[in-house]
Amino acid sequence: MNKSKIALYLFAVIALLHLSSIALSLDMLDVYTKPFLMTTLLIYFLVNVRKNGHPAYLLIIGALIFSWVGDVLLIFQIKHPNFFLLGLGAFLCSHVLYITSNRRLRNKAGSDELSKPRLARYDFFLVMICFALLLVLIPRIDNIMLFPILVYAVTITYMAITAMHRYGTTTTSSFWLVMVGALLFMFSDSTLAFNKFVTLIPNARLIIMTTYIVAQYFIIEGFIKHAKG
């Protein structure tokens, strides 16, 4: 068995253990498995791109490290609300690095000309989703949280838009994996925000973490597909 498969199986085992711990309310297992999610995914990424020297891969490594920091900080949010803000900041940095990666990991100067009107419509759709979510959230968020939430919502939406604009500039599999991953990331964070600020959602944490884990895997797998061309 090659190193790539070993790393992927390790990530899958940690992910299944973590999601099982949430479903079964095994708090200790939940806490101890969460920090290893991005750690094993980072190992999987490094194993697959170690022979490629593209500078943008350092951005992806940084995005995974900031995601790991965010995961760890959010573990402690029940002890003090500031940990939520710090975690939000870590994930914001992660999205900024993903945005830069989306813009740099392309094989052509721009998207196919025929795709531009369609991309513009999809961009508008993503912006409207962000706007609709903010309309629901803003009346329920206090002044301290308002600006960070606004910045975060705009940033993750732009991350999805930059993923969309890789259309026609990379392989089909790379485009779709990163694109679907970005949309799942938006869904995960939207569910988290709705559950935290609007109303409780049944099995919210399981939904949030499942979509988050799949989103991160799809994004990383998509960039690996680009590396392998």
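Each reported figure results from applying straightforward, stated rules to the coordinates on display, with no laboratory input. None of the values given here were measured: they were computed from a predicted structure. Don't worry about glycine lacking a Cβ; one is built from the backbone with ideal geometry, like all the others, and counts go over all protein chains shown.
With an 8 Å cut-off on Cα pairs and a minimum separation of 6 or more residues, tell me the relative contact order of the range 41-91 in percent.
Details: 28 pairs, mean separation 16.0, N = 51.
Taking the mean separation of contacting Cα pairs over the length of the range 41-91, I get 31 percent.
Nothing charged except the Cβ atoms of Lys and Arg (+1) and of Asp and Glu (-1): what's the magnitude of the dipole of the range 79-229 about its Cα centre? Round to the nearest 20 debye.
In debye, rounded to 20, the range 79-229 gives about 260.
When the label point is put 7 Å from the Cα of Val198 along its Cα-to-beta-carbon vector, which residues of the range 62-102 have a backbone N closer than 15 Å?
Counting backbone N atoms under 15 Å from the label point, the list is empty.
Enumerate lysine pairs in the chain that are 8 or more residues apart or on different chains, then count those whose Cα atoms are under 15 Å apart. Intermediate values should be presented prior to the final figure.
Details: Lys3/Lys51; Lys5/Lys225; Lys51/Lys225; Lys51/Lys228; Lys108/Lys116.
For the chain, qualifying lysine pairs total 5.
Quick one: net charge around Leu17, please, counting Lys, Arg +1 and Asp, Glu -1 for every other residue with C-beta under 12 Å from its C-beta.
On the way: positive: Lys34; negative: Asp30.
That works out to 0.
Once Lys and Arg get +1 and Asp and Glu get -1 on their Cβ, which of Phe187, Tyr44, Ala23 lies farthest toward the positive end of the dipole of the chain?
Of the candidates, Tyr44 comes out farthest on the positive side.
Just to confirm a number: summing +1 for Lys and Arg and -1 for Asp and Glu over residues other than Met209 whose beta-carbon lies under 11 angstrom from that of Met209, what do you get?
Numbers: positive: Lys34, Arg205; negative: Asp30, Asp71.
Here the charged neighbours net out to 0.
Just to verify a number: FRET efficiency for Arg104 and Tyr9, C-beta to C-beta distance, R0 = 30 Å, to 0.05?
On the way: r = 30 Å, r/R0 = 1.00.
It comes to 0.50.
Any chance you could run the full-extension gain for Val127 through Leu17? It's 0.36 nm times the residue separation minus the Cα-Cα distance, nm to one decimal. Could you put the intermediate results ahead of the total?
Values: separation 110, 0.36 × 110 = 39.60 nm, distance 3.51 nm.
The span from Val127 to Leu17 would gain 36.1 nm if fully extended.
When only Cα pairs under 8 Å and 6 or more residues apart are kept, what is the percent relative contact order across the chain? Mind dumping the intermediate values first?
On the way: 263 pairs, mean separation 45.9, N = 229.
Here the relative contact order equals 20 percent.
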